[in-house]
Every structure is written in structure tokens, then in C-alpha cells.
Amino acid sequence: MRLLLDTHVVLWWLGDDKRLSTAAREEIVDAADVRISAASVWEISIKRVLGRLDLPSDYLDHVEQSRIRPLPITAEHADAAGSLPRHHDDPFDRMLVAQVRIEGLTLVTADRRLGDYGVAVLAAG
């Protein structure tokens with residue numbers, strides 16, 4: 001399975017948070033390819049600067065050590081995210097949906113509304 005982790009799932013993974021279900025945790029461990037979107041890195045950075053997240057500055061090293069690989073944002077991703085129906089207004093989540101569609105990934109998330117886009121979703125919690 002090829003997975004894209006929603007931002008909160010990355011945070012749960014790094015923090016060994018119990019909100020991440022055992023089933024989701026096992027899928028992440030067993031997946032052939034696990035990704036973090038550049039959009040999630042951007043979102044985390046914004047929240048850190050605003051004081052809404054307390055993460056060490058080297059958190060990306062921990063992400064890499066967890067074998068989670070970065071997924072860049074392409075022009076195709078950006079165009080697709082902007083063209084999505086308005087089921088969800090969060091621009092970061094809309095980007096993840098676009099990336100999942102284009103790259104053929106499964107989105108690991110606790111946000112059930114993202115399934116309204118008809119993408120493959122693995123429940124995180």
C-alpha cells in the first residue's frame with residue numbers, strides 16, 4: 001500500500017499518540033511507500049511559528065528516520081487542488097486530496113469529510 005499521511009497523522013505518529021489506531025499504525029509500518037506532503041510541512045511550520053505546536057526544530061529528521069518520504073507539490077497538484085468541489089475549505093487538506101488522486105495514494109486521516117472527494121481513505125483513529 002502507498003500512503004499519504006494527513007498532517008495530524010504525522011504528528012500522532014511522531015508523538016506516539018494513542019489517537020492513532022492500532023490498525024492505522026500497522027498499515028503505516030507495513031506500507032511500501034509512506035509520504036508526507038510539502039503542504040503538511042508548511043502547515044506544521046505555520047502552527048509552530050504561531051505557538052500552536054510544540055515540536056523540536058529537527059522534527060523533519062525524525063520524519064525521515066521513520067521512513068516517511070517527502071512529496072513535493074507540483075503545478076498539476078496545485079491546479080487540481082484549486083479545481084476541487086467545495087466539500088472542504090481547508091487549503092492544506094484540499095492539496096492532500098489532489099495529491100492522493102494524482103499520485104494514486106491512500107490518505108490516512110481522521111477527517112471523514114475528505115472521503116467525500118471519492119479518494120481512498122484509511123481511517124486513522
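Values as computed for the structure displayed
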quantity: Unit charges on C-beta of K, R, D, E only; dipole of segment 1-111, Debye; calculated: 120 debye
quantity: Calculated from backbone phi, Karplus (6.51, -1.76, 1.60) coupling profile of segment 27-32 in Hz, x at Gly/Pro; calculated: 4, 5, 4, 8, 5, 6
quantity: Inter-centroid distance (Cα atoms) of segment 80-125 relative to segment 1-78, Å; calculated: 15 Å
quantity: Computed helical MRE - 222 nm, the chain, DSSP H runs ≥ 4 contributing -39500 (n - 2.57), nearest 500; calculated: -13500 deg cm²/dmol
quantity: Loop GluC sites (Glu not before Pro), segment 19-125, which have at most 12 other Cβ atoms in a 10 Å radius of their Cβ (DSSP); calculated: none
quantity: Prolate/oblate/rounded call for segment 2-107, Cα gyration tensor, a/c under 1.5 rounded; calculated: oblate
quantity: At most 10 other Cβ within 10 Å, DSSP loop - trypsin sites (Lys or Arg not before Pro), segment 65-125; calculated: ARG86
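Throughout, read-outs are computed from the coordinates displayed, never taken from laboratory work. Please read these numbers as outputs of a predicted model, since none were measured by experiment. Cβ coordinates were reconstructed from backbone atoms using ideal geometry, including for glycine residues, and neighbour counts include every protein chain displayed.
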